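These notes are about the structure you will find just below.
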Amino acid sequence: MTVPPRASTPVLLQIDAILARLTGRSALAEVCRFLREALPHYRWVGVYRLDGGTLVLDAWNGPEATEHTRIPVDRGICGQAVREGRTVIVDDVRSAPEYLACFLDTRSEIVVPIRSGERIVGEIDIDGDRVSAYDASDRAFLERVAAKLAVPVLRAAEEPPRDV
Ligand code: SME
């Protein structure tokens, strides 16, 4: 599946509109919800915030909650994206030994760092139920989304802790 350029522009504009009226975790939750609605191959969408050496789940939208609400950066595909400072695409999670299983039907995953300047402050994590669900067009699109999310992620860090 891909994100054609003609589809990405209206979605990015809609995300701008969300971020104009919401911030912090409520903004992140609405962006997660909207991404799933706009792009059905995004089956589960979450935003983790980097807190020291731990990724903390700040917002998500999908059919099920994950038990992985806190992930040390030395673990999982989520940790790999932080350690390597790059977007990670896994075509088939069954052949990725570092993969932390969340959902039985996940087959592929994309994790995109969120940066404030050079510093990684969080990441977008998306799961799909088909092998090779994500390609370079998803990466380009989601890196543009991630560039918009540094401000709400930093704001979420100032909000009282809350289970999501
Ligand atoms: N699969 C991730 C863990 C997070 S769940 O997908 C929501 C990983 O391997 O880091």
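The values are calculated or read from the model by the stated rules, or taken from the named source; none is laboratory data. Just so it is clear, the structure is predicted and the values come from calculations on it, not from any experiment. Please note: Cβ atoms are built from the backbone with ideal geometry, for glycine as well, and neighbour counts cover all protein chains shown. Heads up: the accessible areas ignore ligands, DNA and RNA and are worked out on the full protein's heavy atoms, side chains in. Shrake-Rupley method; radii C 1.70, N 1.55, O 1.52, S 1.80 Å.
For segment 81-97, enumerate the residues that are polar (S, T, N, Q) and within 14 Å of residue 110 (Cα to Cα).
87
Residue by residue through segment 96-121, note down the ones that are surrounded by fewer than 19 Cβ atoms within 10 Å (Cβ to Cβ), small (Gly, Ala, Ser) and within 13 Å of the ligand (Cβ to nearest atom).
Of everything in segment 96-121, those that are surrounded by fewer than 19 Cβ atoms within 10 Å (Cβ to Cβ), small (Gly, Ala, Ser) and within 13 Å of the ligand (Cβ to nearest atom) turn out to be 96, 101.
Within segment 133-145, is even one residue within 15 Å of the ligand (Cβ to nearest atom) and part of a helix (DSSP H, G or I)?
yes
So residue 154 passes all but one of these: (1) open to solvent by 10 Å² or more (accessible area, probe 1.4 Å); (2) within 11 Å of the ligand (Cβ to nearest atom); (3) closer than 20 Å to residue 19 by Cβ; (4) among the hydrophobic types (A, V, I, L, M, F, W, C). Which condition number does it fail?
Residue 154 satisfies all of (1) open to solvent by 10 Å² or more (accessible area, probe 1.4 Å); (2) within 11 Å of the ligand (Cβ to nearest atom); (3) closer than 20 Å to residue 19 by Cβ; (4) among the hydrophobic types (A, V, I, L, M, F, W, C) except (2).
Out of contact with any Ser or Thr (no Cβ under 9 Å at 6 or more places or on another chain) and either more than 14 Å from residue 156 (Cα to Cα) or in contact (Cβ under 8 Å) with a residue 12 or more places away in the chain (or both), is that true of residue 63?
Yes: the conditions hold for residue 63.
Of 87, 69, which residue is among the polar types (S, T, N, Q) and either open to solvent by 30 Å² or more (accessible area, probe 1.4 Å) or within 10 Å of the ligand (Cβ to nearest atom) (or both)?
69
Just a yes or no: is a residue in segment 99-107 over 11 Å from residue 124 (Cα atoms) and assigned to a strand (DSSP E or B)?
no
Which residues, counting only those in segment 16-49, are part of a helix (DSSP H, G or I), in contact with a Phe, Trp or Tyr (Cβ under 7 Å, 6 or more places away or on another chain), within 16 Å of the ligand (Cβ to nearest atom) and open to solvent by less than 30 Å² (accessible area, probe 1.4 Å)?
32, 35
Name the residue, out of 127, 74, that is near the ligand (Cβ under 10 Å from one of its atoms) and either assigned to a strand (DSSP E or B) or open to solvent by 10 Å² or more (accessible area, probe 1.4 Å) (or both).
Residue meeting the stated conditions: 127.
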